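The values are calculated or read from the model by the stated rules, or taken from the named source; none is laboratory data. Everything quoted here is computed from the prediction, not taken from an experiment. Glycine gets a Cβ as well: all are built from the backbone with ideal geometry, and neighbour counts include every protein chain shown.
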């Protein structure tokens, strides 16, 4: 009998953090690293939110609290979602988590049995695929095409839905491509799901980048379409909108209060509760009109950076980069530059066991880091299945 369970070998990591030791090693050598690997805004948390957190600490609001989330925050979330999505969200269907990441794994553990299928776009945030393996479900990636602007359509979704489908993951605005969904696009996706799926299928709609939009783009949610509120788990949080990645406040709106109760119990088992002082800061962020100005200024800066970075990348021979409409990443195609540097040939000449462990974009990622001290992430950091001949990097413009 070995030390670890077989299941333990199935959990993967997020390469945005995995590259950290290499960065620290370079910094210990006195080198300055440009960190485009992490999706972390370099703006401070808005001052009025910081003052509220300090005030709550001075009030000794530091003890156990409601494991579902403090009522004042859940009411603020319900009001925000009702107004922005055109639905009737209620606090009893909302659960607050330590960030928007825990619901990814908790939803797959709760809704999926071994052999059930999880459908998700690829490229995508890597933790989705990681947890699908971990819970024994079957990953079903929908590969997005650059020539179609990495767009996900109802037809794409319909092709992969089966009686075993249990969770369908949507992420708009998208990490890493920056894709933004139109109302019509989401209508087609909703109709495909309603036509082919049981009412027990759950759509996991990750909308954590809902406020990071460029060129006048507008955020739309699948939950706004008729009938989808009964099937959708809508997830968001404070990390991106308020540049508060360390605050660890996220939330999910569930289709029913009964489902929310299960996730409250999971919170009790895993976390007990989430710090009330940070929840009060998040509550003020949602309620205060000052938030709009803070977000607007941050997004304006991100759009300027996007334009500068995309224009610069497209001037490099062998690189093609589209302009994202949301989030704060660019996702250039680096096939041409990999070919010109001989990286493709180098990969082909590797022994087969090593060739299976790396890709041209991985080698180029490490070349940029160690030769030029620019930290990025490779294509397989955003979904490993079926990515062997895809050559992209993700660069964060938020840091």
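Just to be sure, is residue 77 part of a helix (DSSP H, G or I) and touching a strand residue (DSSP E or B) at 6+ places or on another chain (Cβ under 7 Å)?
Against the criterion (part of a helix (DSSP H, G or I) and touching a strand residue (DSSP E or B) at 6+ places or on another chain (Cβ under 7 Å)), residue 77 qualifies.
Suppose we filter 232, 256 for residues that are out of contact with any helix residue (DSSP H, G or I) (no Cβ under 6 Å at 6 or more places or on another chain) and in contact (Cβ under 8 Å) with a residue 24 or more places away in the chain; which single one remains?
Among 232, 256, only 256 is out of contact with any helix residue (DSSP H, G or I) (no Cβ under 6 Å at 6 or more places or on another chain) and in contact (Cβ under 8 Å) with a residue 24 or more places away in the chain.
Could you say whether any residue in region 42-56 is surrounded by 14 or more Cβ atoms within 10 Å (Cβ to Cβ) and over 26 Å from residue 302 (Cβ atoms)?
yes
Report the residue count in region 53-74 for those that are out of contact with any helix residue (DSSP H, G or I) (no Cβ under 7 Å at 6 or more places or on another chain) and either part of a helix (DSSP H, G or I) or closer than 15 Å to residue 257 by Cα (or both).
Residues flagged as out of contact with any helix residue (DSSP H, G or I) (no Cβ under 7 Å at 6 or more places or on another chain) and either part of a helix (DSSP H, G or I) or closer than 15 Å to residue 257 by Cα (or both) within region 53-74 amount to 3.
Scan region 320-332 residue by residue and report those that are in a loop (DSSP other than H, G, I, E, B) and surrounded by fewer than 19 Cβ atoms within 10 Å (Cβ to Cβ).
Hits for region 320-332 are 322, 323.
Quick check, is residue 125 within 24 Å of residue 162 (Cβ to Cβ) and either touching a residue at least 60 places away in the same chain (Cβ under 8 Å) or more than 20 Å from the chain's Cα centre (by Cα) (or both)?
Here the answer is yes, as residue 125 does meet what is asked.
If we keep just the residues of region 333-364 that are in contact (Cβ under 8 Å) with a residue 40 or more places away in the chain and touching a strand residue (DSSP E or B) at 6+ places or on another chain (Cβ under 6 Å), which is surrounded by the most Cβ atoms within 10 Å (Cβ to Cβ)?
The residue in question is 334.
Would you mention how many residues in region 107-124 are within 24 Å of residue 270 (Cβ to Cβ) and surrounded by fewer than 22 Cβ atoms within 10 Å (Cβ to Cβ)?
Counting residues in region 107-124 that are within 24 Å of residue 270 (Cβ to Cβ) and surrounded by fewer than 22 Cβ atoms within 10 Å (Cβ to Cβ) gives 7.
Taking residue 157, is it assigned to a strand (DSSP E or B), over 25 Å from residue 241 (Cα atoms) and modelled with pLDDT of 95 or more?
Considered against the rule, which asks whether it is assigned to a strand (DSSP E or B), over 25 Å from residue 241 (Cα atoms) and modelled with pLDDT of 95 or more, residue 157 comes out as no.
Given the criteria part of a loop (DSSP other than H, G, I, E, B) and at pLDDT 95 or above, does residue 89 qualify?
yes
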